[in-house]
1. Of the labelled options (1) -0.35, -0.64, -1.22, -1.57; (2) -0.31, -0.57, -1.15, -1.67; (3) -0.48, -0.70, -1.02, -1.27, which one gives log10 I(q)/I(0) by the Debye sum over Cα atoms at q = 0.06, 0.08, 0.11, 0.13 Å⁻¹ as computed for this structure?
2. With the crude spin-label approximation of a point 7 Å out along Cα→Cβ, what separation in nm comes out for GLN387 versus ASP600?
3. Taking LYS391 as the anchor, which lysines have their alpha carbon closer than 20 Å to its alpha carbon, excluding any fewer than eight residues away along the same chain?
4. Report the extension gain between LYS69 and VAL125 in nm, rounded to one decimal, defined as 0.36 nm multiplied by the number of residues separating them, less their alpha carbon distance.
5. Which FRET efficiency, nearest 0.05, do GLN580 and SER511 yield, Cβ-Cβ r, R0 35 Å?
6. Per-residue counts of other Cβ atoms within 10 Å, averaged by peptide: what ranking do you get for 163-171, 269-277, highest first?
7. Points 7 angstrom from Cα along the Cβ direction at ASN136 and GLU557: gap in nanometres?
8. Going down the list LYS252/LYS610; LYS99/LYS344; LYS99/LYS610; LYS324/LYS344; LYS49/LYS461; LYS49/LYS184, which pairs span over 18 Å between their C-alpha atoms?
Amino acid sequence: MSELKCNAKYIPHQSRENIFLATTSLEQFWDISKPIIFLGEWCRRPSRKKYWAKLDGGVLPHVWNNQAKCDEAFDYTKKVYERTLPLIADSLNIIHNKKYSERYWRIVIGPWLMHYIDIIYERYVSLRSALNQYPNFKTIGLTEESFITPNNTFDFLKLVEEDSYNLQIYTRILAALGIVFLKKYLQIESKTINNQTIIYSWKERLLSLLKKLMNLIIRVNFLKYYNEYSYLITSYFTVEDEAKIFYKTAGKVWPYYREFIEIYNLPFSIDYRLRTNILKLSFHENEFEKLIFNLLPLDIPLSFVEGYESLDQKAAISYPSNPKAIISAASWYTDEIFKLWSAKSSEKSTLLAVVQHGGGYGSFKNMRSAEHELAFSDIFYSWGWDQSDVKTNIIPMPATKFIGRPRLFDVDNKNADILFVQTCMTRYLFRIQHVGDIDFKNYFDWQLKFISSLLPAFQKKLRLRLYQSDFGWDLVDLWREFCPEVVQEGWDIPFMESLANCRLFLCDNCSTTYLESLSANKPSILFWNSELFPMQKGAIPYYDELRSIGILYDNPESAATAVNHIYNNVNAWWHKPERQRVIKRFCNRFAKTSQTAREDWIHELIRLSKAPTQRDKRAGY
């Protein structure tokens, strides 16, 4: 095994006038006749290493190479977002002849805008850094005929994972900065999904039919009782749990279903005349903020401008009107029709309740999604944690994602495999939070160090579960090159099935899977670089306790040593009373479970269904 080496080279001062800057991994946009500088590691696909390793040049270090710089950028872009949002809200109200509140537009456009500002700022500061070092660099960008405008938030977030749209972003920034460069045409494909490419099993089709029948019943009945109904939408309850909730709340809380994929198949054409009305009033405190208002009118997705009226009408016929409360975990970001319905309902005093949908909440110091959800929701149902410095009512509840899951332990140590679950960073940064999200090379090298430190007998027992997408890092081939003996597990095997069939669970990232493992009481070893993923002050003692009992480690070598030591008698180690007490305290804070979880939720949803809204009070309820 060997580390993933970087071929960065020193460029003599006298050669800097003839530098070519590559901003993409698309090799037709490289000029290899000159010394070449890559703007970042995303330009160098591992599968093409034999080609780019021979080139004369190197890679620029990322501008945010420590957490202090990342923190500063996180705080700055948050301020830009909060100043930009009301201006866009005013513009869209004018365009669509509406008078909606800032909160309405925060719900509708906020998920796109907060990512957009982070993305443009990171691309901008990277190019500024290159210009400071190589002010006369040459590069190749895209012609204007190549440019596209994303259809919606989902389309945008998928586009920024790949090369061609990021090349469009770099091209537009450089042009706005007055840089002259060669341009080429490239067709950029929207990430719209075609219904016909998805194959459903007969069970899925039957379930879809039953859901549509449930919706029809709601449509027939909700008009009379609209003030009394609350709705569960993608809340991570099972269908059986939702049916039980409906029964136990005497029909006050309804599960509601809609095919999310509908929003992808609504075609819209860009209207440049309409977009000239966006952001006529703006602030320009510096070059970046001027840049944002230069680029944004053409970048804002079609669903918020040309497609708004159509989607708004579809929201009105897709969902019940005037609900008492809307409860959802996973629909607040890319489901435009759901967001329009929720935002419009909130204007009428409908309660918006967000259910936590993943890890990091209550732990991470910097977390965009937590800030967004806490900014607009009336109630936030956490997985156990609370926070006193926010206006939202945070209610700790058992994690809906974990309800009904079995406790997993192999009393006789019959299972032999070690399950090693990993994550993956996008090649192109899409959210400013942690310096650990930036350096994929360092993350991959840590994994190799861990495996190298395992005893050979235990290396053979590894099952490697890679992230579902590798974002162009070519991870399958990388692992075959560096660790051909390690078994790679596919995502056709459900995670909980995989977890049940291993002796020991390993996780090298602080996302969601380790919470699933700990909440199931599965023997686990965790490790990550805590300096790269800073925690909130209130969370640190809980993670320190995991360190004190030998579950969490700050480097791969010590984690591997722990595996070598405990593997042959995992259960005796795991079930020591003090270790179990710490695990229980940790899970009660960040991955709450309960033997009465269903009853706890039913009690809470009954309480919610009876809580008067401002609309109820005005109507005399």
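Where a number appears in this text, it was derived from the coordinates with a stated rule and is not lab data. Please read these numbers as outputs of a predicted model, since none were measured by experiment. Cβ placement follows ideal geometry from the backbone for every residue including glycine, while neighbour counts extend to all protein chains displayed.
1. Answer label, from the structure shown: (1).
2. The modelled label-to-label distance comes out at 2.0 nm.
3. Output for LYS391: LYS78, LYS79, LYS348, LYS365, LYS537.
4. That pair, LYS69 and VAL125, stretches by 19.0 nm at full extension.
5. 0.90
6. Packing order, densest peptide first, comes out as 163-171, 269-277.
7. That separation, rounded to one decimal, is 4.7 nm.
8. Pairs exceeding 18 Å: LYS99/LYS610; LYS49/LYS461; LYS49/LYS184.
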